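Below is one structure, written out as C-alpha coordinates; comments come after it.
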Amino acid sequence: EERSFRLTIVEADLGELARQATAHTAALAASKGVDLTGPIGRGPHVRVDPDRIVEVLGQLLDNALRVCAPGDAITVRVATQGTTAMLTVTDTGAGFEPGASERLFQRFFRASPALSPDEGSGIGLTIARSLVTAQGGTITAVSQGPGAGATFTMTLPRA
(Lines give C-alpha, C1' and ligand atoms only; values in the text may rest on other atoms or scores of the structure.)
Protein backbone atom coordinates (compact mmCIF):
# COMPACT_ATOMS: atom_id res chain seq x y z
CA GLU A 1 0.00 0.00 0.00
CA GLU A 2 2.94 2.32 0.54
CA ARG A 3 4.13 1.68 -3.03
CA SER A 4 7.67 1.46 -1.69
CA PHE A 5 8.79 -1.36 -3.98
CA ARG A 6 11.02 -0.85 -7.02
CA LEU A 7 10.29 -2.30 -10.41
CA THR A 8 12.80 -3.14 -13.13
CA ILE A 9 10.66 -3.20 -16.26
CA VAL A 10 11.82 -5.24 -19.26
CA GLU A 11 10.14 -7.15 -22.06
CA ALA A 12 9.45 -10.76 -21.09
CA ASP A 13 7.57 -13.82 -22.34
CA LEU A 14 4.61 -14.34 -19.97
CA GLY A 15 4.56 -18.05 -20.80
CA GLU A 16 8.19 -18.41 -19.72
CA LEU A 17 7.52 -16.55 -16.46
CA ALA A 18 4.56 -18.85 -15.80
CA ARG A 19 6.74 -21.91 -16.43
CA GLN A 20 9.35 -20.60 -13.96
CA ALA A 21 6.74 -20.12 -11.25
CA THR A 22 5.16 -23.49 -11.97
CA ALA A 23 8.55 -25.22 -11.84
CA HIS A 24 9.21 -23.70 -8.40
CA THR A 25 5.92 -25.12 -7.11
CA ALA A 26 5.92 -28.51 -8.87
CA ALA A 27 7.62 -30.54 -6.13
CA LEU A 28 5.33 -29.20 -3.40
CA ALA A 29 2.25 -29.89 -5.54
CA ALA A 30 3.45 -33.45 -6.22
CA SER A 31 4.10 -34.05 -2.52
CA LYS A 32 0.51 -33.00 -1.76
CA GLY A 33 -0.91 -35.20 -4.53
CA VAL A 34 -2.10 -32.18 -6.53
CA ASP A 35 -1.78 -32.24 -10.32
CA LEU A 36 -0.07 -29.02 -11.44
CA THR A 37 -0.13 -28.22 -15.15
CA GLY A 38 1.67 -25.20 -16.57
CA PRO A 39 1.67 -23.60 -19.99
CA ILE A 40 3.77 -24.89 -22.85
CA GLY A 41 5.15 -22.95 -25.78
CA ARG A 42 5.65 -19.24 -26.13
CA GLY A 43 3.39 -16.76 -24.48
CA PRO A 44 2.54 -13.15 -25.17
CA HIS A 45 5.29 -10.63 -24.52
CA VAL A 46 4.70 -8.09 -21.77
CA ARG A 47 6.72 -5.22 -20.28
CA VAL A 48 7.02 -6.12 -16.61
CA ASP A 49 9.41 -6.73 -13.76
CA PRO A 50 9.91 -10.48 -14.30
CA ASP A 51 10.89 -11.17 -10.69
CA ARG A 52 7.76 -9.47 -9.39
CA ILE A 53 5.48 -11.30 -11.83
CA VAL A 54 7.01 -14.64 -10.81
CA GLU A 55 6.43 -13.54 -7.19
CA VAL A 56 2.75 -12.86 -7.94
CA LEU A 57 2.37 -16.20 -9.71
CA GLY A 58 4.07 -17.91 -6.79
CA GLN A 59 1.53 -16.33 -4.44
CA LEU A 60 -1.38 -17.49 -6.62
CA LEU A 61 0.02 -21.02 -6.80
CA ASP A 62 0.72 -21.10 -3.07
CA ASN A 63 -2.85 -20.03 -2.33
CA ALA A 64 -4.21 -22.66 -4.71
CA LEU A 65 -2.14 -25.38 -3.04
CA ARG A 66 -3.50 -24.38 0.37
CA VAL A 67 -7.08 -25.00 -0.71
CA CYS A 68 -6.43 -28.16 -2.75
CA ALA A 69 -6.63 -31.71 -1.43
CA PRO A 70 -4.93 -34.79 -2.86
CA GLY A 71 -6.46 -35.53 -6.25
CA ASP A 72 -7.26 -31.87 -6.99
CA ALA A 73 -5.69 -30.01 -9.91
CA ILE A 74 -4.20 -26.60 -10.61
CA THR A 75 -3.88 -25.37 -14.19
CA VAL A 76 -1.91 -22.31 -15.33
CA ARG A 77 -2.70 -20.88 -18.76
CA VAL A 78 -1.55 -17.88 -20.77
CA ALA A 79 -3.48 -16.32 -23.61
CA THR A 80 -3.81 -13.18 -25.69
CA GLN A 81 -6.94 -11.12 -26.09
CA GLY A 82 -6.36 -8.14 -28.37
CA THR A 83 -3.76 -5.89 -26.74
CA THR A 84 -4.00 -7.76 -23.44
CA ALA A 85 -2.01 -10.72 -22.16
CA MET A 86 -3.91 -12.94 -19.74
CA LEU A 87 -2.71 -15.50 -17.26
CA THR A 88 -5.13 -17.72 -15.34
CA VAL A 89 -4.57 -19.98 -12.36
CA THR A 90 -7.52 -22.36 -11.97
CA ASP A 91 -7.87 -24.87 -9.16
CA THR A 92 -10.42 -27.53 -8.29
CA GLY A 93 -10.00 -26.87 -4.57
CA ALA A 94 -12.20 -25.39 -1.86
CA GLY A 95 -13.50 -22.36 -3.77
CA PHE A 96 -15.14 -19.43 -1.97
CA GLU A 97 -18.43 -17.59 -1.75
CA PRO A 98 -18.92 -15.60 -4.99
CA GLY A 99 -19.51 -12.43 -2.97
CA ALA A 100 -16.02 -12.68 -1.46
CA SER A 101 -14.17 -12.03 -4.75
CA GLU A 102 -13.10 -8.46 -4.00
CA ARG A 103 -12.57 -9.05 -0.29
CA LEU A 104 -9.90 -11.66 -1.10
CA PHE A 105 -7.61 -8.77 -2.07
CA GLN A 106 -8.16 -6.84 1.17
CA ARG A 107 -5.52 -6.98 3.87
CA PHE A 108 -5.96 -9.78 6.42
CA PHE A 109 -9.11 -11.20 4.80
CA ARG A 110 -9.15 -14.97 4.56
CA ALA A 111 -11.87 -16.81 2.64
CA SER A 112 -11.53 -19.70 5.06
CA PRO A 113 -11.43 -18.54 8.67
CA ALA A 114 -10.57 -22.14 9.62
CA LEU A 115 -7.02 -21.69 8.31
CA SER A 116 -4.45 -21.57 11.06
CA PRO A 117 -2.11 -18.55 11.32
CA ASP A 118 0.76 -20.56 9.82
CA GLU A 119 -1.37 -21.08 6.70
CA GLY A 120 -1.15 -17.47 5.60
CA SER A 121 -1.37 -13.97 6.97
CA GLY A 122 -4.04 -12.65 4.64
CA ILE A 123 -1.78 -10.11 2.91
CA GLY A 124 -0.40 -12.11 -0.03
CA LEU A 125 -3.18 -11.26 -2.47
CA THR A 126 -3.11 -7.62 -1.37
CA ILE A 127 0.58 -7.45 -2.26
CA ALA A 128 0.00 -9.39 -5.49
CA ARG A 129 -2.68 -6.94 -6.62
CA SER A 130 -0.43 -3.96 -5.80
CA LEU A 131 2.42 -5.43 -7.85
CA VAL A 132 0.20 -6.19 -10.84
CA THR A 133 -1.54 -2.81 -10.72
CA ALA A 134 1.84 -1.03 -10.56
CA GLN A 135 2.71 -2.74 -13.85
CA GLY A 136 -0.46 -1.61 -15.61
CA GLY A 137 -2.44 -4.80 -15.06
CA THR A 138 -5.37 -6.21 -13.14
CA ILE A 139 -5.97 -9.30 -11.04
CA THR A 140 -9.38 -10.77 -10.28
CA ALA A 141 -10.84 -13.91 -8.71
CA VAL A 142 -14.01 -15.90 -9.37
CA SER A 143 -15.58 -19.01 -7.87
CA GLN A 144 -18.96 -20.63 -8.25
CA GLY A 145 -18.97 -21.26 -4.50
CA PRO A 146 -17.54 -23.49 -1.80
CA GLY A 147 -16.23 -26.76 -3.21
CA ALA A 148 -16.27 -25.44 -6.78
CA GLY A 149 -12.64 -24.33 -7.11
CA ALA A 150 -11.52 -20.88 -8.18
CA THR A 151 -9.92 -19.00 -11.06
CA PHE A 152 -7.56 -16.07 -10.61
CA THR A 153 -6.96 -13.99 -13.74
CA MET A 154 -4.11 -11.57 -14.21
CA THR A 155 -4.12 -9.25 -17.21
CA LEU A 156 -1.22 -7.16 -18.45
CA PRO A 157 -0.78 -4.93 -21.50
CA ARG A 158 1.08 -6.70 -24.30
CA ALA A 159 4.47 -5.34 -25.28
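The values are calculated or read from the model by the stated rules, or taken from the named source; none is laboratory data. Only a predicted model underlies this, so the values are computations on that prediction, with no experimental measurement involved. As a convention, Cβ positions derive from the backbone with ideal geometry for all residues, glycine included, and neighbour counts pool all protein chains shown. Keep in mind that these areas ignore ligands, DNA and RNA; they rest on the heavy atoms of the full protein, side chains included. Shrake-Rupley method; radii C 1.70, N 1.55, O 1.52, S 1.80 Å.
Restricting the search to the stretch 136-159, which residues are modelled with pLDDT of 95 or more and within 21 Å of ASP51 (Cα to Cα)?
GLY136, GLY137, THR138, ILE139, THR140, PHE152, THR153, MET154, THR155, LEU156, PRO157, ARG158, listed by residue number.
Applying the selection to the stretch 119-140, what residues are charged (D, E, K, R) and either touching a Pro at 6+ places or on another chain (Cβ under 6 Å) or open to solvent by 60 Å² or more (accessible area, probe 1.4 Å) (or both)? Can you show your working first?
First pass over the stretch 119-140, keeping only residues charged (D, E, K, R): 119, 129.
Within the stretch 119-140, GLU119 is the sole residue that qualifies.
Across the stretch 141-152, what is the total count of residues that are loosely packed, with under 15 Cβ neighbours inside 10 Å and polar (S, T, N, Q)?
1
Can you work out which of the residues in the stretch 24-51 that are over 15 Å from PRO157 (Cβ atoms) and of a type in the set (Lys, Arg) is surrounded by the fewest Cβ atoms within 10 Å (Cβ to Cβ)?
ARG42
I'm trying to understand the selection: among the residues of the stretch 52-85, which are surrounded by fewer than 20 Cβ atoms within 10 Å (Cβ to Cβ) and farther than 26 Å from GLY33 by Cβ?
ALA79, THR80, GLN81, GLY82, THR83, THR84
So in the stretch 91-115, with the set limited to residues that are of a type in the set (S, T, N, Q) and open to solvent by 40 Å² or more (accessible area, probe 1.4 Å), which one is modelled with the lowest pLDDT? I'd like the intermediate steps shown before the answer.
Let us first name the residues in the stretch 91-115 that are of a type in the set (S, T, N, Q), namely 92, 101, 106, 112.
Now narrow it down to the ones that are open to solvent by 40 Å² or more (accessible area, probe 1.4 Å): 92, 106, 112.
Values: THR92: 97, GLN106: 77, SER112: 50.
Here the answer is SER112.
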